[in-house]
Amino acid sequence: MNLKDFSLEGKVAWITGASYGIGMAIAKAYAAVGAKIVFNDIKQELVDKGVEAYKEDGIEATGYVCDVTNEEQVQEVAAKILEKFGRIDILVNNAGIIKRIPMIEMTAAQFRQVIDVDLNAPFIVAKAVIPAMIKQGHGKIINICSMMSELGRETVSAYAAAKGGLKMLTRNICSEYGEHNIQCNGIGPGYIATPQTAPLRERQPDGSRHPFDQFIVSKTPAARWGNPEDLQGPAVFLASDASNFVNGHILYVDGGILAYIGKQPQ
Ligand code: NAP
Ligand code: GCO
């Protein structure tokens, strides 16, 4: 075992939706171990903010405006990356949305929108990079899954359907392209403190903690929310040569949630 196996020196990594939050934390970790960072986001304003934030950390990230549900835009970004760097070693399908609406109140259009961003888009982006990865003779694809790849919860039917599907897309990419030395794995974050989960942590008018916040802390053996930084080590591992025989796996980074039935009554 050579610890250099964890290095990403000289590799090119594309992280989708990485102008803040989990995607940015992963990108910063990749840069710290030597990778060149490319990211996209849906709005110019977000891309500009992202580029600035990377710069503050001494990272020269390349940012593109691109809607991951738009196959033409995604293919264009893949072509630009190949033109600029000549390779795409790592793809992280991070961009995602959630709609917390009881299923019988959710419109079919809202359901489809979540499926489009959280499931169809990872297919579109992976499809855009796999040919280059085959040519290179190697590639790493990491799909950001969720607790909802395994568990259900009130109000997140579309998200759970998409993230469950993303788990199976991960296994299928592994099955279909593993022989080309492409490893496709997932990371299933537990409850991570980011803007996406901010509504679940809002203080109550009387200053007390949100009931969902209390519920998550009691449901997590680690007894806390995760931070985007908790995902950095696992993400580096799955992007690096240290994981070359790990394929089709979902690595849950959840402080133990999936292992735990919940606090027993006192
Ligand atoms: P997030 O709010 O989901 O951030 C994702 C980024 O993707 C945002 O910048 C967002 O832009 C962008 N995006 C949305 N739709 C897009 C599109 N069509 N094309 C391009 N970019 C798009 O924040 P996050 O909490 O860091 O989540 C990152 C990933 O982790 C998501 O896949 C999420 O489902 C997953 N995840 C999060 C948690 C958690 O607890 N936070 C737990 C498990 C899994 P906008 O700001 O404009 O929306
Ligand atoms: C929710 C969703 C997400 C979670 C995450 C869990 O319960 O609202 O599941 O917001 O943060 O995806 O892994």
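The values are calculated or read from the model by the stated rules, or taken from the named source; none is laboratory data. Because the structure is a prediction, the values reported are computed rather than measured. FYI the Cβ positions are ideal-geometry reconstructions off the backbone, even for glycines, and counts take in every protein chain you see. Remember, those area values only see protein heavy atoms, side chains included, never the ligands or the DNA or RNA. Shrake-Rupley method; radii C 1.70, N 1.55, O 1.52, S 1.80 Å.
Odds and ends about this structure:
- Of the residues ILE26, ILE22, ILE15, ILE81, the single one that is open to solvent by 20 Å² or more (accessible area, probe 1.4 Å) and touching a residue at least 12 places away in the same chain (Cβ under 8 Å) is ILE22.
- Per the listing ILE141, ILE173, ILE182, the residue uniquely under 12 Å from the mean Cα position of the chain (by Cα) and under 24 Å from ASN244 (Cα atoms) is ILE141.
- Hits in segment 116-158 - residues which are of a type outside the set (D, E, K, R), open to solvent by 20 Å² or more (accessible area, probe 1.4 Å) and over 13 Å from VAL68 (Cβ atoms): PRO131, ILE134, GLN136, GLY137, HIS138, LEU151, GLY152, THR155, SER157
- Residues of segment 191-237 that turn out to be farther than 22 Å from ILE101 by Cβ, within 12 Å of ligand 2 (Cβ to nearest atom) and small (Gly, Ala, Ser), as a count: 2
- Number of positions in segment 63-73 that are open to solvent by 50 Å² or more (accessible area, probe 1.4 Å) and either more than 19 Å from ASP116 (Cβ to Cβ) or of a type in the set (A, V, I, L, M, F, W, C) (or both): 1
- The single condition among (1) within 15 Å of ligand 1 (Cβ to nearest atom); (2) assigned to a helix (DSSP H, G or I); (3) of a type outside the set (Asp, Glu); (4) within 19 Å of VAL38 (Cβ to Cβ) that ILE130 does not meet is (1).
- Of everything in segment 194-235 that is charged (D, E, K, R) and part of a loop (DSSP other than H, G, I, E, B), the residue that is most open to solvent (accessible area, probe 1.4 Å) is ARG203.
- All conditions in (1) in a helix (DSSP H, G or I); (2) away from ligand 1 (no atom under 14 Å from the Cβ); (3) of a type in the set (Val, Ile, Thr) hold for THR155, with the sole exception of (1).
- Condition check for LYS4: over 17 Å from the mean Cα position of the chain (by Cα) and open to solvent by 30 Å² or more (accessible area, probe 1.4 Å): yes
- Count of residues meeting criterion [within 16 Å of ligand 1 (Cβ to nearest atom) and either modelled with pLDDT under 95 or open to solvent by 30 Å² or more (accessible area, probe 1.4 Å) (or both)] in segment 172-193: 2
- Test: GLU76 is more than 23 Å from GLY188 (Cβ to Cβ), within 16 Å of ligand 2 (Cβ to nearest atom), among the charged types (D, E, K, R) and open to solvent by 20 Å² or more (accessible area, probe 1.4 Å): no
- Some residue of segment 244-266 being among the polar types (S, T, N, Q), in contact with a Lys or Arg (Cβ under 8 Å, 6 or more places away or on another chain) and either in contact (Cβ under 8 Å) with a residue 40 or more places away in the chain or over 29 Å from ASN120 (Cβ atoms) (or both): no
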